[in-house]
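The values are calculated or read from the model by the stated rules, or taken from the named source; none is laboratory data. If you're wondering where the values come from, they're calculated on a predicted model, not measured in any experiment. Here Cβ is always computed from backbone atoms with ideal geometry, including for glycine, and neighbour counts include all displayed protein chains. Calculation scope for accessible area: heavy atoms of the full protein, side chains included, ligands and nucleic acids excluded. Shrake-Rupley method; radii C 1.70, N 1.55, O 1.52, S 1.80 Å.
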Amino acid sequence: MTRASHTDTDTDTSAGGGSDDAERPLLDKGGLPTWLDPVVRAVETVQPLQLSRFLPPENGAGRQSAVLILFGEGDHGPELLLMERAGSLRSHAGQPSFPGGALDPEDGDPAADGPLWAALREAEEETGLDPAGVQLFGVLPKLYIPVSGFVVTPVLGWWREPSPVRVVDPNETARVFKVPVADLTDPANRVTVAHPSGYRGPAFLVESALVWGFTAGVIDRLLHYSGWERPWDRDKQVPLDWRA
């Protein structure tokens with residue numbers, strides 16, 4: 001796999017450093033479709049506690065990871081790429097999620113451009129997409145998943161040149177699918193999940209899947225701060241069992 005790079009007069013190179021910059025993925029806001037403008041503004045202004053009350057531990061604990069929030073344009077307008085994790089995995093088994101995973105040493109500095117490279121690498125490994133067709137345009141604040149101990153950097157991308165996607169390794173991924181943003185904003189598809197532990201959070205019933213947890217929380221906040229959210233019934237509940 002070759003490392004994606006983007007050169008543009010509007011390119012933000014602050015994420016990288018060193019002589020290897022030309023081969024590292026860079027943030028580039030140039031040439032994005034106008035419908036992404038609200039998302040770009042939201043990413044630039046949102047604060048960590050506006051996304052989640054679970055923030056990385058101050059003592060530096062937690063395993064550094066990254067996810068790719070990839071926007072494309074399909075037959076039904078703007079869409080997001082999601083996947084369903086294999087049921088045999090130790091963490092978040094069977095859950096729909098963004099492509100992503102833990103940083104490897106070769107990804108680079110977790111405080112610099114390491115998460116950008118990790119998000120692209122993991123997305124290619126899990127969905128088979130060609131990272132050369134992905135334009136990274138933003139990074140959200142690092143968040144924390146207490147149940148698995150991951151410190152997650154959400155990296156946002158525009159699927160400038162779409163490529164075929166598929167399940168690459170059935171031991172990691174059960175399904176790869178795209179969800180129209182219109183379905184995510186449809187109040188009929190929005191519910192609140194309730195876990196026996198007391199957890200309650202936003203969720204989406206889309207593409208024969210229940211998207212909940214970390215992934216649904218990030219989508220919910222992106223829709224809200226981008227101004228795409230439509231009023232929905234927060235009292236409409238879907239119960240989860242202890243295995244979820």
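If the requirement is being closer than 25 Å to Gly114 by Cα and touching a residue at least 12 places away in the same chain (Cβ under 8 Å), which of these qualifies: Pro196, Pro162? So that I can check it myself, show each step before the final result.
Values: Pro196 fails: closer than 25 Å to Gly114 by Cα.
That would be Pro162, the only listed residue that is closer than 25 Å to Gly114 by Cα and touching a residue at least 12 places away in the same chain (Cβ under 8 Å).
Of the conditions (1) in a loop (DSSP other than H, G, I, E, B); (2) at pLDDT 50 or above, Ala15 fails just one. Which one is it?
The one condition Ala15 does not meet is (2).
If Gly157 satisfies every condition in (1) in a strand (DSSP E or B); (2) over 21 Å from Pro99 (Cβ atoms) but one, which is the exception?
Of the numbered conditions (1) in a strand (DSSP E or B); (2) over 21 Å from Pro99 (Cβ atoms), the odd one out for Gly157 is (2).
Please specify each residue of segment 109-142 satisfying the condition of being surrounded by fewer than 23 Cβ atoms within 10 Å (Cβ to Cβ) and of a type in the set (A, V, I, L, M, F, W, C).
Of everything in segment 109-142, those that are surrounded by fewer than 23 Cβ atoms within 10 Å (Cβ to Cβ) and of a type in the set (A, V, I, L, M, F, W, C) turn out to be Ala111, Ala112, Ala132, Val139, Leu140.
Out of all the residues in segment 186-244, which are farther than 21 Å from Pro78 by Cβ and assigned to a helix (DSSP H, G or I)?
Residues satisfying the conditions are Gly213, Phe214.
Counting just the residues of segment 164-202 that are open to solvent by 40 Å² or more (accessible area, probe 1.4 Å) and of a type in the set (A, V, I, L, M, F, W, C), which one comes out nearest to Ser226 (Cα to Cα)?
Ala182
Is there a residue in segment 104-121 that is within 21 Å of Val206 (Cβ to Cβ) and either aromatic (Phe, Trp, Tyr) or not in a strand (DSSP E or B) (or both)?
No, that holds for no residue.
Checking the conditions here, which among Glu161, Glu207 is modelled with pLDDT under 95 and either open to solvent by 50 Å² or more (accessible area, probe 1.4 Å) or touching an Asp or Glu at 6+ places or on another chain (Cβ under 9 Å) (or both)?
Result of the check over Glu161, Glu207: Glu207.
Please list, ordered by first then second residue, the pairs with beta carbon atoms under 9 Å, 6 or more apart or interchain, first in segment 43-64 and farther than 22 Å from Trp212 by Cα, second hydroxyl-bearing (Ser, Thr, Tyr) and not in a loop (DSSP other than H, G, I, E, B).
Qualifying pairs under 9 Å: Thr45/Tyr225; Pro57/Tyr144.
Consider segment 130-153. How many of its residues are over 15 Å from the mean Cα position of the chain (by Cα), in a loop (DSSP other than H, G, I, E, B) and at negative phi?
Number of matching residues: 4.
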